[in-house]
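The values are calculated or read from the model by the stated rules, or taken from the named source; none is laboratory data. Everything numeric here is computed off the predicted structure, so don't read it as measured data. A quick note on method: Cβ atoms are made from the backbone with ideal geometry, for glycine too, and the neighbour counts reach across all protein chains shown. Heads up: the accessible areas ignore ligands, DNA and RNA and are worked out on the full protein's heavy atoms, side chains in. Shrake-Rupley method; radii C 1.70, N 1.55, O 1.52, S 1.80 Å.
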Amino acid sequence: MNVLVVGGAGYIGSVVVEELVRSRDSALVLDDLSTGHKDAVAPLAYFVQGGIQDVKKLDEAFEVKRIDCVVHLAGKSLVAESVAHPDRYEEANVTTGVRLLEAMRAHGVKDIVFSSTAAVYDASAPMPLREDSPLHPSNPYGGTKLRFERILAERAAKGDLRYVALRYFNVAGASIDRGEDHREETHLVPLLIDAARGARGSIPVYGEDYPTPDGTAVRDYVHVVDVAEAHLRAMRYLSDGGESRAFNLGSGKGASVREVIAAVEAVAGRRVPTHAAPRRPGDPPTLIASSEEARRVLRWCPRFEELEVILETAWDWRSRHPEGYRE
């Protein structure tokens, strides 16, 4: 298949591209490098530097080869930032996404795999969350992802496209060659790993008074390679005539912030300095996934399910790439 990966130089996108190349699919990448890294793009992928807003670059990405499927991973994804600047998230995650759909229609591309989020759910619903659990985002980030999902559903109902929305829970870990390297890091696992390495100071624990066993927020962690594999399976599912729908991607198990800290300390063999901090606006206390539908329908079989294994791969990659990507 010829696959256009929008946002393919980012953390998850680069591993998706890596898996596409490994499976001998043709991978084309469109990324403006605002948060991604050119060095993260697999050498055998065709790279176009530009964003969806750049009409000429967008057309170039679609015209290199006849595209069979688009994988859409571009957009903004920070909960706290979305609370502070909801208009930016509406533009990046909804308006820009619609521009991509218009480009797909103009170039005769019907299939899209969309990077969605667990933040679309009502966090007060019973855990684990299923695809039919109530949808009620607790922050603007989740709200924009849900609005774009609904746009996809409306267009699919008209026969304009076919889609799979993959609702990620907390993605972590690394492949052998590609890992997590954000210019402004906000994700818990890489922050803790850098603190254990002595590369940064004490890490804030946002909220110690949640209604959870140890008072810290509980999240479901899933390995980035397993997430990438799910994208390939979603592409094949659509190619084989599968119906448009959403799937959860998670482990089905929750780990609190304190448990993740302890696990990083065990993997690193070093203490991680932390300190208490107030809750962040929009952060729900617990998010745990049921991924039974992805396992049943997509035949998705995660290979790295244990938190310790996920952390070991993240620690190994960061230890070998202490400065992240070169550029």
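Structural remarks
- Per residue, in Å², the accessible surface of the range 1-100 once ligands and nucleic acids are set aside, probe 1.4 Å: 42
- The local environment of Trp317, defined by Cβ-Cβ distances under 13 Å, has a net charge of -4 under the rule Lys, Arg +1 and Asp, Glu -1.
- The value given for the range 110-187 is a Kirkwood hydrodynamic radius of 14.3 Å, derived from the mean inverse Cα-Cα separation.
- For the range 251-301, the C-alpha radius of gyration sits at 1.59 times the compact-globule guess of 2.2 N^0.38 Å, with N the residue count.
- GNM top mover of Val17, Val267, Val225 - the chain, alpha-carbon springs below 10 Å: Val267
- Taking the inverse of the mean reciprocal distance over all distinct Cα pairs, the Kirkwood hydrodynamic radius of the range 154-220 comes to 15.6 Å.
- Residues in the range 155-181 that a label on Val21 would reach, taking backbone N under 11 Å of a point 7 Å out along Cα→Cβ: 177-178
- Distance between the pseudo-spin-label points of Leu44 and Asp160 (7 Å out from Cα toward the beta carbon): 3.6 nm.
- Here the accessible area is traced with a 1.4 Å probe on the protein chains. For the range 1-72, carbon and sulfur cover 47 percent of it.
- Thr95 versus Ile151: modelled label distance in nm, points set 7 Å from Cα along the beta carbon direction: 1.1
- Residue with peak Gaussian network fluctuation, the chain [Cα springs, cutoff 10 Å], from Asp111, Asp54, Asp283: Asp54
- Excluding ligands, DNA and RNA, the accessible surface per residue across the range 198-327 is 47 Å² with a 1.4 Å probe.
- Over the chain, relative contact order from alpha-carbon pairs under 8 Å, at least 6 apart, %: 19
- The range 111-143 and the range 255-295 have Cα centres lying 19 Å from one another.
- Alpha-carbon centroid distance for the pair the range 65-84 / the range 156-217, whole angstrom: 15
- Potential extension, Cys301-Ser239 segment - 0.36 nm per residue separation minus Cα distance: 20.4 nm
- Label-zone membership for the range 152-196, site Asp316, 7 angstrom Cα→C-beta point, backbone N under 18 Å: 172-181, 190, 193-194
- The three principal axes of the Cα atoms in the range 29-166 give end-to-end lengths of 46, 34, 27 Å, sorted in falling order.
- Listed residues Pro134, Pro213, Pro281, most fluctuating in the chain (Gaussian network, C-alpha, under 10 Å): Pro213
- Where only C-alpha atoms are counted, convex hull volume of the range 178-278 per residue in Å³: 145
- 222 nm mean residue ellipticity, helices alone, for the chain (DSSP H n ≥ 4; -39,500 (n - 2.57); rounded to 500): -11000 deg cm²/dmol
- Point-to-point label distance, Leu33-Asp209, nm (Cα→Cβ direction, 7 Å offset): 4.6
- The range 135-261: relative contact order in percent, alpha carbon pairs under 8 Å with at least 6 residues between: 33
- The largest-to-smallest principal axis extents of the Cα set in the chain are 53, 42, 38 Å.
- Gain in span if fully extended, Arg279 to Lys65, counting 0.36 nm per residue against the direct Cα distance: 72.3 nm
- Placed amide H near Val29: partners under 5 Å, 5+ positions off or other chain: Val5, Tyr46, Phe47, Val48
- Ordered from largest to smallest accessible area (heavy atoms of protein chains, 1.4 Å probe), the residues Lys110, Lys57 come out as Lys110, Lys57.
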